[in-house]
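The next block holds one structure in the form of structure tokens; read it before the comments.
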Amino acid sequence: KADSVSWIRASAVPSYMVNKVMHKTSYTNATAGSFAYTSSGAGHIVLVSINDGAKIAYTAHTTDRKDAAFSSADLNGNYSFYVIKNY
């Protein structure tokens with residue numbers, strides 16, 4: 001299926017999901033359950049697990065991370081953030 005590439009290539013996920021179920025946002029508006037994408041290396045997607053106004057953290061599986069804080073470099077351009085639309 002043509003859109004199945006989104007599930008095997010991280011770089012295809014944002015373009016597939018945006019305008020369908022998600023929209024791009026800033027990290028300050030990325031709530032828990034949102035995702036973040038970085039194009040560095042082969043590209044990677046992580047789940048935003050905490051955003052309580054003081055800490056913004058992610059959970060990921062490639063290099064196991066649970067509630068790891070984003071670095072200031074991550075928050076200033078290394079990642080793009082996406083949130084699920086409210087319908």
Probe 1.4 Å, heavy atoms of protein chains only: per residue, the accessible area of region 22-87 in Å² is 60 Å²
The alpha-carbon pair-distance distribution computed for region 19-87, with 10 angstrom bins and whole-percent values, is 22, 58, 20, 1
Rounded to whole Hz and in sequence order, give me ³J(HN,Hα) for region 75-80 from the Karplus expression 6.51 cos²θ - 1.76 cosθ + 1.60, θ = phi - 60°, writing x for Gly and Pro.
7, 10, x, 6, 10, 10
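The values are calculated or read from the model by the stated rules, or taken from the named source; none is laboratory data. This is a predicted model, so every value here is computed, not measured. To get the accessible areas, we keep the full protein, side chains included, count just its heavy atoms, and leave off ligands, DNA and RNA. Shrake-Rupley method; radii C 1.70, N 1.55, O 1.52, S 1.80 Å.
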